[in-house]
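The values are calculated or read from the model by the stated rules, or taken from the named source; none is laboratory data. Since the structure is predicted, the reported quantities are computational estimates derived from the model, not experimental observations. Because the Cβ atoms are built from the backbone with ideal geometry, glycine has one as well, and the counts that use them run over all protein chains shown. Side chains are part of the model used for accessible areas, which takes the heavy atoms of the whole protein and leaves out ligands, DNA and RNA. Shrake-Rupley method; radii C 1.70, N 1.55, O 1.52, S 1.80 Å.
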Amino acid sequence: MNPFKSPFIFLLAVAIAIAGCATTQTSTQNRESMLVAAGFKTVTPKTTAHQQKLQKLPPGKVTMIQKAGKTYYIFPDPAHNMAYVGGPKQYQEYQQLRAEKKLANENLETAEMYQDPMMGWGAWGGWGMGWGPGWY
């Protein structure tokens, strides 16, 4: 059976593909926003050699390079023919922003987990009995 003979299956496959692209795009946009907030600057390659170097950097990752005795951190964005470039100070700020975002996401996930109606919080007889001051 050809899965594309059914319009429903075809539309479902297209919807899944689009959702996957949107998630990746949103993730990349979030990372780029954090890089800019951390002080990274956008740099556009000026020569073919620079474009080739940009294409060789691992996609979706910040790469450390040494140039003229200085350390730089580069996040390539080959789709827009540019890169985000920062030094150690900007990279440290970026790491801090990532840690804060991860902590915020973990707190949100924890809060969502405790909203589970199957936990039966109401069956505990109220929060005033044994949980307030002097419950110990």
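Can you tell me how many residues within the range 45-57 are exposed (fewer than 13 other Cβ atoms within 10 Å of the Cβ) and over 11 Å from Pro78 (Cβ atoms)? Residues that pass the stated criteria total 4. May I ask you to list the residues in the range 72-95 that are assigned to a helix (DSSP H, G or I) and buried (at least 18 other Cβ atoms within 10 Å of the Cβ)? Hits for the range 72-95 are Gln90, Tyr91, Tyr94.
If I ask for residues that are β-branched (Val, Ile, Thr) and more than 13 Å from Glu32 (Cα to Cα), which ones from the range 46-105 would you list? Thr47, Thr48, Thr63, Ile65, Thr71, listed by residue number. Considering only residues that are in contact (Cβ under 8 Å) with a residue 12 or more places away in the chain, assigned to a helix (DSSP H, G or I) and either over 17 Å from Gln90 (Cα atoms) or of a type in the set (D, E, K, R) (or both), which ones fall in the range 36-71? Hits for the range 36-71 are Gln51, Leu54, Gln55. Look at the range 75-90: where a residue is within 13 Å of Thr63 (Cα to Cα) and a partner is of a type in the set (D, E, K, R) and open to solvent by 40 Å² or more (accessible area, probe 1.4 Å), sitting 6+ places away or on another chain with Cβ atoms under 8 Å, you get Phe75/Arg31; Phe75/Lys61; Tyr84/Lys41; Val85/Lys41; Gly86/Lys41; Gly87/Lys70.
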